[in-house]
C-alpha cells in the first residue's frame, strides 16, 4: 500500500492485464480439475478475459478491493454467479467450479512479487489484500454454485409433485386417487386440491383413495388422509380408502388412529364394488347371443 | 338492513348465500331460518354456499349450529356447493361439520332431501302403498 493506505493492486493488474490473463489461463488449463469434456478451451478463455476485465474495472472504483458486495462489483458478481450456475447445471463439481477463481492466485502473487521486489513489507500487505479478495470471490462462487444446484432440486421436486398425484375417473361419478410414495404435508395439500377440483369438474359422488403405494402410514399420514376425506365430504362426496396392507392395518390400530368414520377396503376392486353399489349400478356378464 | 332471502319450495326451504357473510348477517340468518322453519313446518333446509368464497371459524361454526337447530325443529339440513378452497379451509380450521350433510350441487342436495323424506314417510307408515 502507498502512503495513504491504498492498495496498488488495481493499478498493477490493469498494467499487466494481458500477461496476467495468459498466466492465469495456463494455470487453469494445467489444473487437474480442468473439465475439457464439459467445456471448450475457447469458452474458458473468453470467460477468463471478461472476468479479469470486470475485476479491473470494479477494483479501480470506490471502495476498491475490500468489499465485493459494493455496487461497483455488481457486474463482476453477476458474471461470476452466471458462470457458477451454468457450471452447476453442466455437472461440474464445487471444487472444479471454484478453481476458476482460485487459480488466479498464483499468477497474481507472481505479479506482486515481481512488482514489489524491493519492499517486503509492502509485498506482505498486498499479498494479504489479494488473498482476501480472491477468497471472497471463491466463496461467492461456491455459494452461487450451491444456489444453482438447489434450484435444480426444487424444480425436480415440483415436477415430481405434479406427476405423483393423478386423479382418474373410474366410472361415471366415481373417482380414484392412487397414491404412490410418502405423504407429507405439501403433497397432501396438492392431493387434496386436485381431488376437490376434480370432484367439482366431474360431479363425482364417490372418491376412492388407494394407498397401496404408500410405504408407511404413521399418525401424521393418517391425519392427512382424514383431512382429505373430511374436505371431500364437505363438498358432498364420500371417500373410500383402499389398499390397506396387513402391516399397515396393524400399525393403524397400534397407533390408535380412528378410521371408523371412513369406509376402508383392502383392495381397489373391493372399493370399486362398493362404489358401484352405492351409485345403484351393477356389472353383469354379457349374455352370448352368438 | 341486509338480509338473506329464504325461499320456500314445497316442504323444503332454500337458502342461497350470495354475498360474503359477516358475523351479523350470519346471526340474522340463524334467527330468520329457525323462525321460518317453525312457521312453515319445513322438513328440510337446503343451504347453497356456492358463491361463498371466504369462510372463517365463526361462519363454519354457524353452519354447524344452524344444522343442529334445524334438527331440533325436525328439519334436515343439507349444505350444498361448497368450493374446494372453502372445504380445505374448514378442514384446516378443524371444522369438519360432523352433523351436517353435504352435496355437490342443489340438484343432488334436493334429491338427497327427497330421498330422506321418503324414508321417513316409510318409517311413519305414511309412504306405504
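Could you check segment B:74-118 and list, in sequence order, the residues that are touching a residue at least 60 places away in the same chain (Cβ under 8 Å), more than 8 Å from every other protein chain (Cβ to nearest Cβ) and crowded, with 20+ Cβ neighbours inside 10 Å?
Filtering segment B:74-118 for residues touching a residue at least 60 places away in the same chain (Cβ under 8 Å) gives B:75, B:106, B:109-110, B:113, B:116-117.
Remaining after also requiring more than 8 Å from every other protein chain (Cβ to nearest Cβ): B:75, B:106, B:110, B:113, B:116-117.
The answer is B:75, B:113.
Do we find that residue A:284 is in the same structural domain as residue A:195 (by TED's automatic domain parsing) and part of a loop (DSSP other than H, G, I, E, B) in this structure? Reasoning before the result, please.
Working: in the same structural domain as residue A:195 (by TED's automatic domain parsing): no; part of a loop (DSSP other than H, G, I, E, B): yes.
Taking the combined requirement at face value, the residue does not satisfy it.
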Verdict on residue B:56 being away from every other protein chain (no Cβ under 14 Å), more than 20 Å from residue B:7 (Cβ to Cβ) and surrounded by 13 or more Cβ atoms within 10 Å (Cβ to Cβ): yes
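On the given criteria, is residue A:53 within 19 Å of residue A:8 (Cα to Cα) and in a helix (DSSP H, G or I)? Spell out the reasoning first.
Values: within 19 Å of residue A:8 (Cα to Cα): yes; in a helix (DSSP H, G or I): yes.
Judged against the criteria, residue A:53 is a match.
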Matching residues, segment A:77-119, being without any contact (Cβ under 8 Å) to a residue 60 or more places away in the chain, under 20 Å from the mean Cα position of the chain (by Cα) and outside any helix (DSSP H, G or I): A:91, A:92
Filter result (under 30 Å from residue B:89 (Cα atoms) and assigned to a loop (DSSP other than H, G, I, E, B)) within segment A:267-281: A:279
Within segment A:226-260, tally of residues that are assigned to a strand (DSSP E or B), within 14 Å of chain B (Cβ to nearest Cβ) and closer than 14 Å to residue A:178 by Cα: 1
So residue A:248, is it out of contact with any strand residue (DSSP E or B) (no Cβ under 6 Å at 6 or more places or on another chain) and surrounded by fewer than 21 Cβ atoms within 10 Å (Cβ to Cβ): yes
Test: residue in segment B:9-25 that is in contact with a strand residue (DSSP E or B) (Cβ under 7 Å, 6 or more places away or on another chain) and exposed (fewer than 15 other Cβ atoms within 10 Å of the Cβ): yes
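Residue by residue, here is whether (1) without any contact (Cβ under 8 Å) to a residue 12 or more places away in the chain; (2) closer than 21 Å to residue B:95 by Cα holds:
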{"residue": "A:160", "(1), (2)": "yes, no"}
{"residue": "A:178", "(1), (2)": "no, no"}
{"residue": "A:186", "(1), (2)": "no, yes"}
{"residue": "A:196", "(1), (2)": "no, yes"}
{"residue": "A:202", "(1), (2)": "no, no"}
{"residue": "A:211", "(1), (2)": "no, no"}
{"residue": "A:217", "(1), (2)": "no, no"}
{"residue": "A:221", "(1), (2)": "no, yes"}
{"residue": "A:248", "(1), (2)": "no, no"}
Residue list for segment A:254-269, restricted to those being under 12 Å from residue A:241 (Cα atoms) and crowded, with 16+ Cβ neighbours inside 10 Å: A:259, A:262, A:263, A:264, A:265, A:268
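The values are calculated or read from the model by the stated rules, or taken from the named source; none is laboratory data. The shown structure was predicted, so the numbers you read here are calculated from the model rather than taken from an experiment. Cβ coordinates were reconstructed from backbone atoms using ideal geometry, including for glycine residues, and neighbour counts include every protein chain displayed.
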